[in-house]
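We did not get these values from a lab; they are worked out from the coordinates using the rules stated. All values derive from a computational prediction rather than experimental measurement. Neighbour counts are summed over all protein chains in view; Cβ atoms, including those assigned to glycine, are modelled from backbone coordinates with ideal geometry.
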Amino acid sequence: MTIRLDWLAEQPNDTKRKVVGALNQREKNAFLFQWGLFARPEQLPPDGDWRVWMVMAGRGFGKTRAGAEWVRMIAENHSDARIALVSASLIEARAVMVEGESGLLAVFPPKERPVFEPSLRRIRFANGAQATLYSAAEPESLRGPQHSHAWCDEIGKWPLSHERATRCWDNLLMGLRLGQDPRITVTTTPRAVPLVQRLVRQEASGEVAIARGATEQNRDNLPAR
């Protein structure tokens, strides 16, 4: 079956589901992992010279999927990418960012999934790109390592100590100097904590691009209540 992806991308979700339902398993696998067909505009990185893209929305919005798909895009297009995956703890980084139902391993077709090495806190992609897990509770672990990109999850839950969360963020920024265009994606629920407020203030300068949203925007993909 031949289907134009640009046509399908413009169709409502019901039409997409009907089309996918008519495909054989091989064709389904190919379509289901075409993120651009199913993503909402606010789940895709914006144009511009931003250094930080922050997706700030409530639970169920699809933040984790947006972050994982961004990392997939970076890894697939940059074989030399060195990506930091930072969460409130290593346990959360693994459970949500890597192995979660919308995490990094889940957004790759089964035969193309990267290799996760838990003991090394490392993910190896087939083309040579790598990602490393970090805990925001250990800000000094980010002092020294260099990266080309980073995905930071739930920065509103990072250590409530303003000094520690800020030190973690600043250490990450200092090491973000590999490649031609180092960038960070942040996925977080809105919280009135200093680090989130700092990034919101930087939106005016253009250094930070913010996508805001609510759970209801993802209602087509949420279970009925």
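Listing for the model above:
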| read-out | value |
| --- | --- |
| Over region 41-221, relative contact order from alpha-carbon pairs under 8 Å, at least 6 apart, % | 34 |
| Fewest-first ranking of T187, T15, using other Cβ atoms within 10 Å as the exposure measure | T15, T187 |
| J(HN,Hα) series, region 94-110, from Karplus relation 6.51 cos²θ - 1.76 cosθ + 1.60, nearest Hz, glycine and proline x | 5, 5, 9, 6, 9, 9, x, 5, 10, x, 4, 5, 6, 8, 9, x, x |
| Considering only the chain, percent of DSSP beta bridges that pair antiparallel, nearest 5 | 20 |
| Electrostatic dipole magnitude of region 72-156 [Cβ: Lys, Arg +1; Asp, Glu -1; Cα centre; debye, to 20] | 280 |
| Net lengthening on full extension, K18/R124 (0.36 nm per residue, minus Cα-Cα) | 34.6 nm |
| Extreme residue, positive dipole direction of region 40-131, given options L120, S79, A57 (C-beta unit charges) | L120 |
| Cα centre as origin, Lys/Arg/Asp/Glu Cβ charges: the chain dipole, Debye | 400 |
| Cβ-placed point charges (K, R +1; D, E -1), dipole of region 164-207 about Cα centre in debye, nearest 20 | 220 |
